[in-house]
Amino acid sequence: MAAQNLQSVPDQPAAPGAAAPAADQGQAQLEAEGQAYFDRVISEDSRIEPRDWMPAAYRKTLLRQISQHAHSEIIGMQPEANWISRAPSLKRKAILMAKVQDEAGHGLYLYSAAETLGQSRDQMMDDLIAGKARYSSIFNYPALTWADMGAIGWLVDGAAICNQVPLCRASYGPYGRAMVRICKEESFHQRQGFEILLELSNGTPAQKQMAQDAVNRWYAPALMMFGPPDDDSPNSKQSTAWNIKRFSNDELRSRFVGMMVEQVRVLGLTLPDSEVRFNEDTRKWEHGPLDWNEFKEVLAGRGPCNSQRLERRRQAHDDGAWVREAAAAYAHKQSMKTKEFAA
Ligand SMILES: [Fe+2]
Ligand SMILES: [Fe+2]
């Protein structure tokens with residue numbers, strides 16, 4: 001379906017004066033046409049593109065979600081980047097480095113998608129380093145051993161895939177398209193995490209114990225990545241109505257637990273949750289209680305590594321200032337040359 005370009009809809013209120021009522025009417029009509037078009041696209045499960053009219057609340061919701069997602073990819077590089085220099089072999093080092101670079105790429109696709117909604121990347125980055133923007137709570141936990149690289153890949157990237165595959169069909173075009181590419185790379189990330197754990201699990205008793213310990217520490221935070229329980233997730237209903245969200249938090253969490261139950265057997269490890277079971281009546285996987293107070297604390301900035309993650313991000317931003325200045329100077333020089341040529 002062709003996208004309808006309604007970018008010409010003015011955002012400004014009508015100027016005061018004699019012409020105001022007519023301008024108001026024109027504005028109201030354009031808004032009504034835009035809303036009708038938007039509603040039709042959503043009901044047909046088609047896509048909204050950046051130049052299309054969209055409700056202000058839809059734009060705001062997407063901007064928040066996509067920028068938080070971008071921040072999570074960027075901050076999420078840190079726990080694993082810490083292990084690049086300590087990876088146990090050159091091969092492991094190369095694989096981990098490629099994975100961390102992929103996460104940087106995910107952040108960049110997502111910042112680009114968010115920019116199409118009207119906010120600059122600089123602003124998003126300023127909000128992140130000022131501590132005003134949120135990112136996934138999982139990245140505020142420490143990566144204590146090499147086995148954590150396995151557990152992060154298997155559980156954290158695994159949960160991310162579960163969450164993100166349905167987002168490939170999100171109603172906002174740039175977000176859905178970014179997710180298609182990201183999900184392909186996340187699958188590789190999960191496999192490499194699984195493989196690290198498998199090798200440790202088949203190693204010495206101490207290595208197997210290290211793998212189990214990492215799974216024990218990352219299991220609950222990974223389950224909390226799907227967000228609060230459905231009855232405590234006030235924005236989910238609207239996101240579902242807008243075809244941004246396709247499945248509820250609890251539904252996705254349950255599916256993820258089912259996947260992990262199968263895979264943990266192959267690993268020869270166990271999930272640290274004696275209450276995992278398949279409910280024959282609801283046909284869903286169930287798990288033990290999660291500590292939602294801890295989730296809220298970490299999200300509010302009081303997790304084990306929140307301040308360390310932000311401080312490192314600030315430092316990296318400051319260290320990169322010369323690159324941004326050089327790129328801007330080069331772009332300016334090029335545009336001057338183009339102008340000279342045109343004159
Ligand atoms: Fe990623
Ligand atoms: Fe990943």
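The phi torsions of region 90-101, fed into the Karplus equation with coefficients 6.51, -1.76 and 1.60 and a -60° offset, translate into couplings of 4, 4, 4, 5, 5, 5, 5, 5, 4, 5, 5, 5 Hz, rounded to whole numbers, with Gly and Pro shown as x. Straight-line cross-link partners of residue 60 among the lysines, defined as a Cα under 19 Å from its Cα and at least 8 positions apart when in the same chain: 132, 237, 245.
Rounded to the nearest 10 degrees, the inclination of helix 306-319 to the longest alpha-carbon principal axis of the chain is 60 degrees. Among 102, 318, 291, the largest mean-square fluctuation in a Gaussian network model of the chain, built with springs joining Cα atoms closer than 10 Å, belongs to 318.
FRET efficiency for the pair residue 292 and residue 202, taken as 1/(1 + (r/R0)^6) with r the Cβ-Cβ distance and R0 = 30 Å, rounds to 0.25. Histogrammed with a bin width of 5 Å, the alpha carbon distances of region 102-252 distribute as 2, 9, 14, 18, 19, 17, 10, 6, 3, 1, 0 percent, first bin at zero. Seen from residue 36, the other residues with C-beta closer than 15 Å to its C-beta sum to a net charge of -4, counting Lys and Arg as +1 and Asp and Glu as -1.
In straight Cα distance, which aspartates and glutamates are under 17 Å from residue 93, not counting same-chain residues fewer than 8 positions off? Within the straight-line cut-off, residue 93 pairs with 80, 102, 103, 148, 195, 199.
Highest average first, the peptides 273-279, 226-232, 193-199 ordered by how many other beta carbon atoms sit within 10 Å of their residues are 193-199, 226-232, 273-279. In this label model, residue 91 and residue 314 are separated by 4.2 nm, measuring between points 7 Å along each Cα→Cβ vector. Top mean-square fluctuation among 324, 40, 177, Gaussian network model of the chain, C-alpha springs under 10 Å? Result for the chain, Cα springs under 10 Å: 324 fluctuates most. Using alpha carbons only, how many degrees (0 to 90, rounded to 10) separate the axis of helix 321-342 from the longest principal axis of the chain? In the chain, helix 321-342 runs at an angle near 40 degrees to the longest axis. Which shape class applies to the chain: rounded if a/c is under 1.5, otherwise prolate when a/b exceeds b/c and oblate if not, where a ≥ b ≥ c are the square roots of the Cα gyration tensor eigenvalues? Oblate, because a/c is 1.5 or more while a/b does not exceed b/c. Where only DSSP H runs of four or more residues are counted, the chain gives -20500 deg cm²/dmol as its mean residue ellipticity at 222 nm, each run worth -39500 (n - 2.57). Over the chain, with a Gaussian network built from C-alpha contacts below 10 Å, which listed residue (220, 28, 133) shows the highest mean-square fluctuation? So, out of 220, 28, 133, the one fluctuating most is 28.
Every number here is computed from the coordinates shown, using simple stated rules; none is lab data. These figures come from a predicted structure and were not determined experimentally. Ideal geometry is used to build each Cβ from the backbone, glycine not excepted, and the neighbour counts take in all protein chains shown.
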